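S.K.: This is the structure, below, for whatever I ask next.
The values are calculated or read from the model by the stated rules, or taken from the named source; none is laboratory data. Quantities reported herein were computed from a predicted structural model and do not represent experimental measurements. Cβ placement follows ideal geometry from the backbone for every residue including glycine, while neighbour counts extend to all protein chains displayed.
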Amino acid sequence: MTNLYPVPDAPPPATPDDLGQSGVALWEELTNAFAFDPQDLVMILEACRVKDRLDALNAIVRAEGVTTSSPQGVKTHPALTESRRQELVFTRLIASLRLPDPNEERAQRRGAARGAYRSRAMANR
């Protein structure tokens, strides 16, 4: 039977082509440090895309300000509102991975039954 899951001594998965600078940095940081199951790589990819989206939204807010004028008066800029939503998505995606505590090398404890990721650095000892 073929092992379909990455193992700690295997090379990290290739960086997806559709990511921006922040997305690439996040992908490489996570996949170089830990071995993930395929379904978790999908969540990491989405988190990287959200990270890039946040960069784009933050650039808009920096250029145009946090408020905008409308017929009803001054209101929060739509890019700022969307960035708040994307921050929640990003936080939930990262939390769902239950990454190990950097000081303890163990997965975060949540109620679900799921195995801990092994650090690539710890596996090579």
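S.K.: Being surrounded by 13 or more Cβ atoms within 10 Å (Cβ to Cβ) and out of contact with any Asp or Glu (no Cβ under 7 Å at 6 or more places or on another chain) narrows it down to one residue among ARG98, ARG62; which is it?
M.R.: Selected residue: ARG98, the only one of ARG98, ARG62 that is surrounded by 13 or more Cβ atoms within 10 Å (Cβ to Cβ) and out of contact with any Asp or Glu (no Cβ under 7 Å at 6 or more places or on another chain).
S.K.: Starting from segment 11-26, keep only residues that are free of Cβ contacts under 8 Å to residues at least 24 places away in the same chain, then list their pairs with residues that are of a type outside the set (A, V, I, L, M, F, W, C) and surrounded by fewer than 16 Cβ atoms within 10 Å (Cβ to Cβ) whose Cβ atoms are within a distance under 9 Å, requiring at least 6 positions of separation or different chains.
M.R.: THR15/GLU28
S.K.: What pairs come out if I take residues in segment 76-98 that are at pLDDT below 95 and pair them with residues that are among the charged types (D, E, K, R) and part of a helix (DSSP H, G or I) whose C-beta lies under 8 Å away, six or more apart or interchain?
M.R.: Short answer, once both residue conditions are applied: LEU97/ASP40.
S.K.: Can you give me the number of residues within segment 66-89 that are in a loop (DSSP other than H, G, I, E, B) and of a type in the set (Lys, Arg)?
M.R.: Count: 0.
S.K.: With respect to ARG120, is the statement that it is crowded, with 18+ Cβ neighbours inside 10 Å, more than 11 Å from the chain's Cα centre (by Cα) and either at pLDDT below 95 or not acidic (Asp, Glu) (or both) true?
M.R.: Spelling it out, ARG120 is indeed crowded, with 18+ Cβ neighbours inside 10 Å, more than 11 Å from the chain's Cα centre (by Cα) and either at pLDDT below 95 or not acidic (Asp, Glu) (or both).
S.K.: Related question: Could you count how many residues in segment 83-97 are farther than 11 Å from MET43 by Cβ and basic (Lys, Arg)?
M.R.: Residues that pass the stated criteria total 2.
S.K.: Can you tell me which residues in segment 24-47 are modelled with pLDDT under 95 and among the small types (Gly, Ala, Ser)?
M.R.: Passing the criteria: ALA33, ALA35.
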